[in-house]
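Working notes for the structure below.
The values are calculated or read from the model by the stated rules, or taken from the named source; none is laboratory data. Note that this is a predicted model, so its numbers are computed, not measured. Every residue, glycine as well, gets a Cβ built from its backbone with ideal geometry; the counts of neighbours run over all protein chains shown. Accessible surface areas use protein heavy atoms only, side chains included; no ligands, DNA or RNA. Shrake-Rupley method; radii C 1.70, N 1.55, O 1.52, S 1.80 Å.
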Amino acid sequence: MSEGNSLINLGDLSKPATVLIEKVSEALGGYFKPYQIKRVAKAEAEAEIIKAQAQIDVTDLQRRALGRFIVEEAKKQDNIEKITQKAIPELKDSATPQDVEDDWITNFFDKCRIISDDEMQSLWAKVLSGEANSPGSYSKRTVNFLGSLDKADANLFTSLCGFGWFLGDVVPLVFDVKDPIYNKNEINFNSLIHLDDIGLVSFNNIARFTRLGFPKQVTISYYGTPVNLEFQKPEGNELETGRVLLTKTGQQLSSICGSKPVNGFADYVIARWAKKGIILSSPLPNSRIKHRT
């Protein structure tokens, strides 16, 4: 792509995408205009060098500092543009990016501009598109947390979410941290302690978490595939959910982390609940298990 080319052709974009681009530009004070790309940071930095070189008293140290500024700002600008580009295809026709707070946009790009890893950029793009699709979906706290999340921790969290069932919200069903079905997917005592320490989960290896107040029949799901549960009592039933709960930040990131269902885990959970006297009227054939979107 040449320096003079437009990054995005507005005529080819949906209205939500156009509004998002304009919103980003306005929130960043015109610094970021993907559809009128001129490499603003680079151009301004080069201008500063020209001015500095015209001054007799400029030092070599100053010149090197300005050169470093050019490189760093160009990288940040490139990261911002790539994340925005990746977010656009995820926008829904019903998206309302105009309702996203300017402070949220400013904070978002302040945190993500140093992210150059392609997979992590994709994660950031999902947060941006998710917020544009439904403003208020991602708190500043979650954005700030994401800014401190390294790739290894993100991958570990993705592995954990592969055990997540939807019971009104996402609940990773971790019943026994020593069980091979968890350990072969990097989920064990130490990894769960770590995820607890960084604020993505609440982990209790002494007591188990339980969901209360279920009616006699209820439908839950595993990656979009429904499972009908039937309890013995007409109301006030309990369902054991294991030793892990997602925090609010974990919940907000669970739907975009790219997790996949764990092979054999549905049968594992069904067998465990069946031993508790719960009737499952719709078992989960592996061919029907879908990725959570």
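A simple packing score, the average count of other Cβ atoms within 10 Å per residue, orders the peptides 104-115, 60-71 as 104-115, 60-71, with the highest score first. Sites listed here are GluC sites (Glu not before Pro) in region 177-264 whose DSSP assignment is loop and whose Cβ has at most 16 other Cβ atoms within 10 Å: GLU186, GLU235. Note on exposure: THR158, THR142 ranked by accessible area (1.4 Å probe, complete protein assembly) read THR158, THR142, with the most exposed listed first. Spin-label model, ASP93/ASN144: points 7 Å from Cα along the beta carbon direction are separated by 3.9 nm. Here the extension length gained between ASP179 and ASP118 equals 18.7 nm, from 0.36 nm per residue of separation less the Cα-Cα distance.
For LYS248, which aspartates and glutamates qualify as cross-link partners when the Cα separation must be under 16 Å and same-chain residues fewer than eight apart are set aside? Qualifying aspartates and glutamates at Cα under 16 Å: GLU131, ASP169, ASP196, ASP197. Bridging of LYS76 to aspartates and glutamates at a Cα separation below 17 Å is possible for GLU3, GLU44, GLU46, ASP110, ASP117, ASP118, GLU119, once same-chain residues fewer than 8 apart are set aside.
Sites listed here are trypsin sites (Lys or Arg not before Pro) in region 172-221 whose DSSP assignment is loop and whose Cβ has at most 14 other Cβ atoms within 10 Å: LYS178, LYS184, ARG208, LYS216.
When the solvent-accessible area of region 82-166 is split by element, carbon and sulfur atoms take up 45 percent of it, the probe being 1.4 Å.
Lysine pairs in region 95-198 with alpha-carbon atoms under 17 Å apart, 8 or more places apart or on different chains: how many are there?
5
Amide H to amide H distances under 5 Å link LEU246 with SER202, where only residues 5 or more positions off or on other chains count and H is placed in the peptide plane.
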